[in-house]
């Protein structure tokens, strides 16, 4: 019997499988939800050879799949002419004539009723294509997640010389594209009310198209009752940071913590470990592994296993956009968690009730040491955090908003 479900196109900048880091966690859960109601055609990219092994698993989940590859540094050479013409480099990297042709085929054959994207830099395909002559137009739901132009503003503020100019230029170009894409969309979503309000403040029109679609947590995977063998060795207290380690805000966070906070923790807690858990660590991050007590893991099969066997989760982000999955996952694991104020943005958790917020190195040291020594307090915060996630941050609760829009 033919599948009577309508067709839908889903576009994301990275292969949405396996769900092992921030953007993939969101895109995977979004895709998994959409496949329950639609015949989903996925267009995406890979920039890591290890991801080639995952393509077949993703293909089995969807109606159709097109995967392009971004081979650095050659991808930058191909994107350079578009950058010279004024396009943001972060958008130009995802331009593909092969993806263009595949989308034309899907449009002609399957007439998708909606186009859903995840990330602004791939959303141009949704706005610039699928312009039917007559007949119903597909709904265009662009999930920007964060205000990317503001991220480049922050990068510029922490840079100097040529890097500062490049980031400032990228911020202006991305903002221009964000405005253009919003004009061509039916709705543009962000992961928190704070990000949505920030984006409305930089728009010149179409503010009514901006909505909030928060992140959720897979509370079955991130469940403190699930048992696993310890994935690391050591008897001292372990402090865990999770995230993609080629992402500048994460690099900045672990570098700052490893140099400004962790040495003082080890003076009080000899044998303490700082676990930097995440894929593709840069040379700067790998170098941190030479510091006493610091372990850089690279890509791991299970982030939850590291959280399960650590004592405290830390998120010392000084550059932060949107909701931090790493914080929600630690909370779901009933972990005592210490965060910066930026990492807490968009999460309805309160310092002292669900986790601890710290800013200065001294505050970080005091909070981390106390949570190791006072296990009753650590357990109280962890249990309250887990309850908050179960009450408010399941994926199904968040996607109910998307279902209503697409209907």
query = Has segment 331-343 got any residue that is buried (at least 22 other Cβ atoms within 10 Å of the Cβ), part of a loop (DSSP other than H, G, I, E, B) and in contact with a strand residue (DSSP E or B) (Cβ under 6 Å, 6 or more places away or on another chain)?
reply = yes
inquiry  = Suppose the filter is part of a helix (DSSP H, G or I), assigned by TED's automatic domain parsing to the domain that holds residue 307 and touching a strand residue (DSSP E or B) at 6+ places or on another chain (Cβ under 7 Å); does residue 262 pass it?
reply    = yes
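To keep it simple, each residue is scored yes or no on (1) touching a strand residue (DSSP E or B) at 6+ places or on another chain (Cβ under 9 Å); (2) assigned by TED's automatic domain parsing to the domain that holds residue 108; (3) at pLDDT below 95.
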position: 11; (1), (2), (3): yes, yes, no
position: 15; (1), (2), (3): yes, yes, yes
position: 19; (1), (2), (3): no, yes, yes
position: 30; (1), (2), (3): yes, yes, yes
position: 37; (1), (2), (3): yes, yes, yes
ask   = farther than 20 Å from residue 275 by Cβ and crowded, with 23+ Cβ neighbours inside 10 Å, is that true of residue 321?
value = yes
message = When the residues of segment 307-316 are narrowed to those that are touching a strand residue (DSSP E or B) at 6+ places or on another chain (Cβ under 8 Å) and within 21 Å of residue 354 (Cβ to Cβ), which ends up surrounded by the most Cβ atoms within 10 Å (Cβ to Cβ)?
response = 314
ask   = Can you name the condition, by its number, that residue 253 falls short on among (1) modelled with pLDDT of 95 or more; (2) exposed (fewer than 14 other Cβ atoms within 10 Å of the Cβ)?
value = (2)
ask   = Among the listed residues 371, 328, 388, 381, which satisfies the condition of being surrounded by fewer than 21 Cβ atoms within 10 Å (Cβ to Cβ) and in a helix (DSSP H, G or I)?
value = 388
query = Considering only segment 255-273, how many residues are touching a residue at least 40 places away in the same chain (Cβ under 8 Å) and within 27 Å of the chain's Cα centre (by Cα)?
reply = 5
query = Quick one: would you say residue 62 is at pLDDT 90 or above, assigned to a strand (DSSP E or B), within 25 Å of the chain's Cα centre (by Cα) and surrounded by 14 or more Cβ atoms within 10 Å (Cβ to Cβ)?
reply = no
message = Looking for something surrounded by 13 or more Cβ atoms within 10 Å (Cβ to Cβ) and more than 23 Å from residue 219 (Cβ to Cβ) - is there at least one such residue anywhere in segment 394-403?
response = no
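Condition check ((1) touching a helix residue (DSSP H, G or I) at 6+ places or on another chain (Cβ under 7 Å); (2) closer than 23 Å to residue 327 by Cβ) across all residues:
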position: 180; (1), (2): no, no
position: 184; (1), (2): yes, no
position: 189; (1), (2): no, yes
position: 198; (1), (2): yes, yes
position: 206; (1), (2): yes, no
position: 210; (1), (2): yes, no
query = Within the set of pairs 6 or more residues apart or between chains, which connect a residue that is assigned by TED's automatic domain parsing to the domain that holds residue 385 inside segment 350-361 to a residue that is surrounded by fewer than 21 Cβ atoms within 10 Å (Cβ to Cβ) and part of a loop (DSSP other than H, G, I, E, B) with Cβ atoms less than 6 Å apart?
reply = 357/341
Inter-residue pairs, beta-carbon under 8 Å, first closer than 13 Å to residue 330 by Cα and not assigned by TED's automatic domain parsing to the domain that holds residue 272 and in segment 368-384, second in a helix (DSSP H, G or I) and at pLDDT below 95, 6+ apart = none
key: residue 93 without any contact (Cβ under 8 Å) to a residue 40 or more places away in the chain, assigned by TED's automatic domain parsing to the domain that holds residue 174 and crowded, with 19+ Cβ neighbours inside 10 Å   = yes
inquiry  = Among the residues that make up segment 22-36, is at least one of them under 20 Å from residue 397 (Cβ atoms) and not in a helix (DSSP H, G or I)?
reply    = yes
Lone qualifier among 75, 114 - being surrounded by 15 or more Cβ atoms within 10 Å (Cβ to Cβ) and closer than 27 Å to residue 396 by Cβ = 114
message = For segment 290-299, check the following and say yes or no: at least one residue is within 24 Å of residue 357 (Cα to Cα), assigned to a helix (DSSP H, G or I) and either in contact (Cβ under 8 Å) with a residue 12 or more places away in the chain or in contact with a helix residue (DSSP H, G or I) (Cβ under 9 Å, 6 or more places away or on another chain) (or both).
response = no
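The values are calculated or read from the model by the stated rules, or taken from the named source; none is laboratory data. What you see is a predicted model, and the numbers here were worked out from it, not measured in a lab. Glycine gets a Cβ as well: all are built from the backbone with ideal geometry, and neighbour counts include every protein chain shown.
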